[in-house]
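**Q** A single structure is presented below for examination.
What follows draws every value from the coordinates through simple rules; no lab data is involved. Here the structure is a predicted model, which means the values were calculated and not measured. Ideal geometry is used to build each Cβ from the backbone, glycine not excepted, and the neighbour counts take in all protein chains shown.
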Ligand SMILES: [Zn+2]
């Protein structure tokens, strides 16, 4: 296990620890008397959030359902209140104008070693399909921007599928087309560790020094089949090498949930200025991750430090976070150790940064809702709060047309280009 693997485990344990951590937050929104212009922009933000389709590049609801055994369908979706748990539900999504959250079909890296990744991914896809089946009046699957638009007009929330970690492709190229048939429209090439396709930004093994020979074929096949190549999570070398393959095919790529590394110099998981520019030149889109861990290095380091401390205290008593006996200790620790979180303005800063480097055509939302515990910024705590971010952008002078692009048009442009290129590449054969 590499040093960075240990960090990953730590980050994962941070996520596990955070939901119960008391977090002292800074105020997201101005407390001074609102001016009439402010009120106008707030009302406009609210209106635009519902006027335009909002696509979110990454929502980890399936993980919450599958791994935490949260019974979405029976216990929660049918009742007319917001869930007390998690960041996403129908009521809050409707309130925030969220129209098309990409459901993350996440496969833990451990499956790479144990086998069974394909079967696991299939079960998670079935689970999302089940939501749409049980609640056809609220949700629908969607395999294209056109389908999302049609669902939007009917008032339905679309559940497009993005696969986080290419491990379920296993070592069989035919699985790329298989998963396209199953509805997968992007694949994040890897996750926490190097896999058969490429190296991970969290791993220091450098197994392939970027993309493996098989990974090169996988990217080619994704271009041919029409699955968006997601460059979040991959190492820098893998990023550039995959982009080169896609560029040769004239196919744009995405980063489904990454923020800007210039705000977090020690966090390789975010993308650098040069990578943002390269993705912009490729015609792609960076979907900004909302978690404080992705927005500010100092805050991230403190949160990780505190999580480590708590873990040690619990371990000394033979306990783990989440154990019932650990609860009072955790609560006391939270009271004694409040931490600072980012606010919605900092998310807007990251969007601004991409706009300055690559242009407004190359940025979108990739919240990581339901995947980052209680590290979400003030003003962007759940799917009901997209209007706060739109308001922050309007205050900075973003036009309605800019907002529409960031909400969905940019992602749709890439998605449609990928589908079109696939038809072209298949004909060429
Ligand atoms: Zn992720």
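**Q** If neighbour count is taken as other Cβ atoms inside 10 Å, put 407, 260 in order from fewest to most.
**A** Working: 407 28, 260 24.
In order of increasing Cβ crowding within 10 Å: 260, 407.
**Q** Also, I was wondering about something else. Out of the DSSP beta bridges found with both residues in the chain, what percent are antiparallel (nearest 5)?
**A** Working: 2 of 32 bridges.
So the antiparallel bridges in the chain amount to around 5 percent.
**Q** Pop a pseudo-label 7 angstrom from the Cα along the beta-carbon direction at both residue 423 and residue 400 and give the gap in nm to one decimal.
**A** Using points 7 Å along Cα→Cβ, the separation is 3.1 nm.
**Q** Can you sort 208, 415 so the residue with the fewest Cβ neighbours within 10 Å comes first?
**A** Values: 208 22, 415 25.
Least to most surrounded, the residues fall as 208, 415.
**Q** For the residues 404, 345, what sequence is obtained by ranking on other C-beta atoms within 10 Å, fewest first? Show your work: numbers first, answer last.
**A** Details: 404 15, 345 21.
Ranked by crowding around the Cβ, least crowded first: 404, 345.
**Q** Another one. Between residue 51 and residue 277, what is the label-point separation in nm under the 7 Å Cα-to-beta-carbon projection?
**A** 3.5
**Q** So what is Rg over Rh here for segment 297-429, counting just Cα atoms and using Kirkwood for Rh? Show your work: numbers first, answer last.
**A** Working: Rg = 20.9 Å, Rh = 18.1 Å.
Taking Rh as the inverse mean 1/r over Cα pairs, Rg/Rh reads 1.15.
**Q** Here's a follow-up. Once you order the gyration tensor axes a ≥ b ≥ c over the Cα atoms, which shape class does segment 3-428 get: rounded for a/c under 1.5, otherwise prolate or oblate by comparing a/b with b/c?
**A** Working: a/c = 1.33, a/b = 1.11, b/c = 1.21.
Rounded is the answer for segment 3-428, as its axis ratio a/c remains below 1.5.
**Q** Using alpha carbons only, how many angstrom separate the centre of segment 188-237 from the centre of segment 80-150?
**A** The two parts, judged by their Cα centres, are 23 Å apart.
**Q** Additional query: Based solely on its DSSP helices, what 222 nm [θ] is calculated for the chain when runs of n ≥ 4 H residues each add -39,500 (n - 2.57) and the sum is averaged over all residues, nearest 500 deg cm²/dmol? Walk me through the intermediate numbers first.
**A** Working: 18 runs with 202 residues, N = 429.
So the helix-based figure for the chain works out to -14500 deg cm²/dmol.
**Q** With a cut-off of 18 Å, note down the residues of segment 250-266 whose backbone N falls inside the zone around a label point 7 Å from the Cα of residue 340 toward its beta carbon.
**A** 263-266
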